[in-house]
1. Between E177 and D112, what FRET efficiency comes out of the Förster formula 1/(1 + (r/R0)^6) with R0 = 45 Å and r the beta carbon distance, rounded to 0.05?
2. Hey, could you pull the Cα Rg and Dmax for the stretch 21-84, both in Å?
3. Counting only C-alpha contacts under 8 Å and six or more residues apart, can you give the relative contact order of the chain as a whole percent?
4. Please give the net charge around G131, taking every other residue with its beta carbon less than 11 angstrom from that of G131, where Lys and Arg add +1 and Asp and Glu add -1.
5. Could you tell me the accessible area of K35 in Å² (1.4 Å probe, neighbours in place), rounded to the nearest ten?
6. With only Lys, Arg, Asp and Glu charged, each at its Cβ (+1 for the first two, -1 for the last two), find how big the charge dipole of the chain is about the Cα centre; round to the nearest 20 debye.
7. Quick one: accessible area per residue over the stretch 10-127, 1.4 Å probe, rounded to a whole number of Å²?
8. Order 50-63, 72-85 from most to least packed using the mean count of other Cβ atoms within 10 Å.
Amino acid sequence: MFAKKSEGSTGAPRTSGALPPSKYRMGGKHFKNDKAFIRTAVRDVKRLESYAGLTVDSRLLDWGCGAGRLAVGVREHLGRIADYHGVDVQPELVDWASENLAAPGFRFTCVDVSNERYNPDGTPERTLAAGPGSVDVLYAYSVFSHMNDEDTSAYLGLIREALAPGGKAFVTCFVEEDVPGWEENPEGYGPLEWKGRLHCTRFARWHWEDHVNAARLAVDRFEYGRETDGQSLYVLRVR
Ligand SMILES: C[S@@+](CC[C@H](N)C(=O)[O-])C[C@H]1O[C@@H](n2cnc3c(N)ncnc32)[C@H](O)[C@@H]1O
């Protein structure tokens, strides 16, 4: 699907196509460096393979895709896929991805739904832009880390609906023991000074897992605190 990777003579990273410009890269300082951007994307595709059963035949929903970091990982590591669908609320990022990363098997959709940080004027109706049972693997990296509590429980329900039997969701979020159920920009928490709406949203572990259970999902894997800025990783399965 994509041309063979080339390595720049100046030590530029191996890549078989375009990378989003720095201004469109989400995730603070973490993904500004090209090599780190590609490395983390490929790392996550490999984890989707081993934790969630991703293959070239999968239907993969990258919910909160930004400018398509994971699509770059799929392109670099797998080369092709049955369906990669990136969905985000920020039109300029989705436009860039559609113009530069769309290819057979790779598509992007902008949804005008509300998120107080990224799309405050969006509609209150929620959607994943995916039909029931149409997703084998869902990826949501650093999305629930910027989400209010009501949206969180509603979107977990939509994730459950969108997953095919046997499907899995790979999501990251801030969870801690012994903290309030949901909190916005907790003071003195993590490596940054949180500023502005939903910069950091943190859950008590019991509260987050209550949402997971209420959505008829189950925890398949939990890894504490090793993702961006100290987020935890959950792999969720349909139950
Ligand atoms: C911190 S960024 C992470 C981007 C990408 N997942 C990555 O790891 O590079 C969070 C993304 O979630 C998107 N987002 C937030 N709420 C959303 C929603 N309700 N539907 C779709 N995307 C959403 C934001 O626009 C933003 O691009």
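1. 0.75
2. Computed over the Cα atoms of the stretch 21-84, radius of gyration and Dmax are 11.6, 33 Å.
3. 15 percent
4. The answer is 0.
5. Taking all protein chains as shown, K35 has close to 110 Å².
6. 1140 debye
7. 44 Å²
8. For the peptides 50-63, 72-85, the packing ranking is 72-85, 50-63.
The values are calculated or read from the model by the stated rules, or taken from the named source; none is laboratory data. Since the model is a prediction, treat every value here as computed from it, not as a measurement. Reconstructed Cβ throughout: ideal geometry from the backbone, glycine too, with neighbour counts over all protein chains shown. To get the accessible areas, we keep the full protein, side chains included, count just its heavy atoms, and leave off ligands, DNA and RNA. Shrake-Rupley method; radii C 1.70, N 1.55, O 1.52, S 1.80 Å.
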